[in-house]
1. If the requirement is being more than 21 Å from Leu461 (Cβ to Cβ), among the basic types (Lys, Arg), in the same structural domain as Gly35 (by TED's automatic domain parsing) and free of Cβ contacts under 8 Å to residues at least 40 places away in the same chain, which of these qualifies: Arg253, Arg205?
2. Does region 412-436 hold any residues that are in contact (Cβ under 8 Å) with a residue 60 or more places away in the chain and under 30 Å from Gly352 (Cα atoms), and which are they?
3. Restricting to region 349-371, and then to whatever is in contact with a Ser or Thr (Cβ under 9 Å, 6 or more places away or on another chain) and part of a strand (DSSP E or B), can you tell me which residue is surrounded by the most Cβ atoms within 10 Å (Cβ to Cβ)?
4. Would you mind finding the one in Leu120, Leu78 that is in contact with a Gly (Cβ under 8 Å, 6 or more places away or on another chain) and at pLDDT 95 or above?
5. Kindly establish whether Arg495 is assigned to a helix (DSSP H, G or I) and free of Cβ contacts under 8 Å to residues at least 60 places away in the same chain.
6. Can you name every residue in region 192-247 that is farther than 21 Å from Leu530 by Cβ, hydrophobic (A, V, I, L, M, F, W, C), part of a helix (DSSP H, G or I) and touching a helix residue (DSSP H, G or I) at 6+ places or on another chain (Cβ under 9 Å)?
7. Output the number of the condition that Leu186 fails; it satisfies all remaining conditions of (1) touching an Asp or Glu at 6+ places or on another chain (Cβ under 9 Å); (2) crowded, with 21+ Cβ neighbours inside 10 Å; (3) outside any helix (DSSP H, G or I); (4) not aromatic (Phe, Trp, Tyr).
8. Which of the residues that make up region 54-85 are free of Cβ contacts under 8 Å to residues at least 40 places away in the same chain and under 31 Å from the mean Cα position of the chain (by Cα)?
Amino acid sequence: MNDNILEVSDLQVRYRVGRRRIEAVRGIDLAVPRGGIVALVGESGSGKSSVSQALIRRLAGNGEIAAGRVVFDGQDLLKLPMKRMRAIRGGSIGFVPQDPNSSLNPTLRIGEQLVEGLRLHLKLGREEATERAVRILGDVGLSHPEARARQYPHELSGGMKQRVLIGMAWSCEPQLVIADEPTSALDVTVQRLVLDQMQQLAADRGTAVLMVTHDLGVAADRAEQVVVMRHGQVVDAGPTAAVLHAPTHEYTRDLVAAAPGLNSVRLTASAAPVATEASHPILEIRELRKTFTLRRPGAAPEPFTAVDGVSLAVPAGRTVALVGESGSGKTTTARMAARIETPDSGSVLLDGQDVTTLRGEALRQLRRDVQVVYQNPFGSLDPRMSVAQIIAEPLRAFGLGGRREQLTEAKRLLDAVQLAEGLADRRPAELSGGQRQRVAIARALALSPKLLVLDEPVSALDVSVQQQVLQLLVDLQAERGVGYLFITHDFGVVRQIADEVVVMRQGRVVEQGPAERLLSAPEHEYTRALLEAVPGTAAR
C-alpha cells in the first residue's frame, strides 16, 4: 500500500478574468502521508486556497484546472465523473471551510445539517443519523450536544460553529480532511481548543489532514510537514522542524521572522523618538461602566454589563495594549475612550480635560485629538473615493487649507506611511489589505491627533504585512509622540508593540502592568492561558 493517501503532481490552476488568464497555481507537487498532518502555508494570493479547492474540484466558476494529477487513495480525482467526485467529497474526503458564519445553512438546525450528510454518504436511517449527529457534536467538544443539535447557526458563537464544521468534516470517517484556514477568524484561546480537537480526531481515527494556513505559528505547533507557497509555486517543503530552523528560501525565512509566536521581540523605532511631556496621561479613563439590553426572540429583555469598572491610562508617546477575547469588553471600552459610545458611569479625560459629557460641536472638535483605526481596512474606506480624497477627508471636514493644500498634505501623509505617490488616484479596491490599512492610518494622522485608538488593526493581515504595519506604527509614534490605545486578542502582537498591557475578561480588568513584567511573569491564570495559546509557542 502507498504510504501517501494524497499525491499531487504538476497541478496548475488558472482563472479567466475578462480576456486574461491568471495563473494562480503553477505546477506544484505535494504529498500527504496516511494519518499525517501537512500544513500548506502562504500569504493571501499565494495560491494555497486555489489548491485546496482544486483538490476537491470546487473551484469558482471562472477557475479551471489546466494540468496535473491529484491521486487520492490510488485514483486520479481529476479523471473521475462528477457524480463519483461528489460521493467522495464529504465521504472519503472531508472539508473544513474558512468562514464558519457563511458555511452553515442559516435556515436549518445544526443537527439537521449533520443528519443530511450522514444519510447521503453513509446511507443511515433518520433515527440512527440523528443519534450519531448528537454524538458527533459531543465528540468535537460542544457542551449539551442534544440542545446544540436543536439550535440554529446564529445561536452559536464563532468557535462553536467552527467545531460544528469540524464535526461535519469528520462525520463520515474520511481518510483525508482538508482544512482551509479553519481558525483564522477565532480568538487565540478558542483557536487552540479547535486545533486541539482537530488534532485529537486525526490521532484517534487515523485521518490525514492537509491544513491550509497563512500562519506559520499554527503550522509549527500542529504539522509534521510544511509546504510553503508563494506566487503559485512551492518554494520550500520538508519536515516542520527543518523548514522552521533551516529554511532554504528567503521568503520562508521572512515568514519565520514575521510570525508573532515564533519571533516575538519588541520592535524598535528606526529613528530616535521625539521628547514627550510626562506630566499627565494623554488619555485617562476611570471606572467606566456600560450596560446593554439583550433582546432575544421569545424572551424578556435582560441587561448585559459589557464593561464593569475599567480604569487605565495612556501616556504620550507610549502604547497601551488592551487585551482580551471576543466579548471581553475591550472594543466597548475603546469606543468609550474615543467617545463614540457614552459610558453609563465613570469618566474619560483627554490631556487632563474631562470629555465624558461633551456634546455637539465640542465633541466634534475632540475628533481632532482622537482618531480611530479599525480592524477591517476595506470596510472603513469609502470605495467611491480615491486614496488622496480619503486621506484629505478629515482636513476638508475641519476646513483646514484649500484643495491644493489638502492634496499636498495627502501626498505627504502617503509618504509618511511608506506608500508611493502614484497610489493617490487609486480606489480602495485596487489596493492590497496592507496598503488599505496604511491609507486608514494616514487618514487618522491627517489632523495630527494626540491619541490613536487602534482596534485590532493588523488581525486581518498576513504575518509579513502585519509586521510591516506594526513597524510603521512604532516609527510614526517615535516621530510624532502620539499615544496608542491598541486593542488586540493576540499576545504575539502585544510582545512586539506594547509598553503597558491591560488584560480584560468578561468586562473587567483582571491584570495590568508593564509589558515586560506581565509577559514574562503573568499573575492571573487567564493571562497565562492567553500567552500559552499564541500560535508557535510550542515550537520555541
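1. Working: Arg253 fails: more than 21 Å from Leu461 (Cβ to Cβ).
Only one candidate passes the filter, namely Arg205.
2. Within region 412-436, just Ala416 meets the criteria.
3. By that ranking, first place goes to Leu349.
4. Details: Leu120 fails: at pLDDT 95 or above.
Result: Leu78 is the single residue among Leu120, Leu78 that is in contact with a Gly (Cβ under 8 Å, 6 or more places away or on another chain) and at pLDDT 95 or above.
5. Values: assigned to a helix (DSSP H, G or I): yes; free of Cβ contacts under 8 Å to residues at least 60 places away in the same chain: no.
No.
6. Leu201, Ala202, Ala241, Val243, Leu244
7. So the condition that Leu186 fails would be (1).
8. Applying the first criterion (free of Cβ contacts under 8 Å to residues at least 40 places away in the same chain) to region 54-85 yields 57-58, 61, 75-85.
Listed by number, the residues that qualify are Arg57, Arg58, Gly61.
The values are calculated or read from the model by the stated rules, or taken from the named source; none is laboratory data. These numbers come from a predicted model, not from an experiment. Cβ coordinates were reconstructed from backbone atoms using ideal geometry, including for glycine residues, and neighbour counts include every protein chain displayed.
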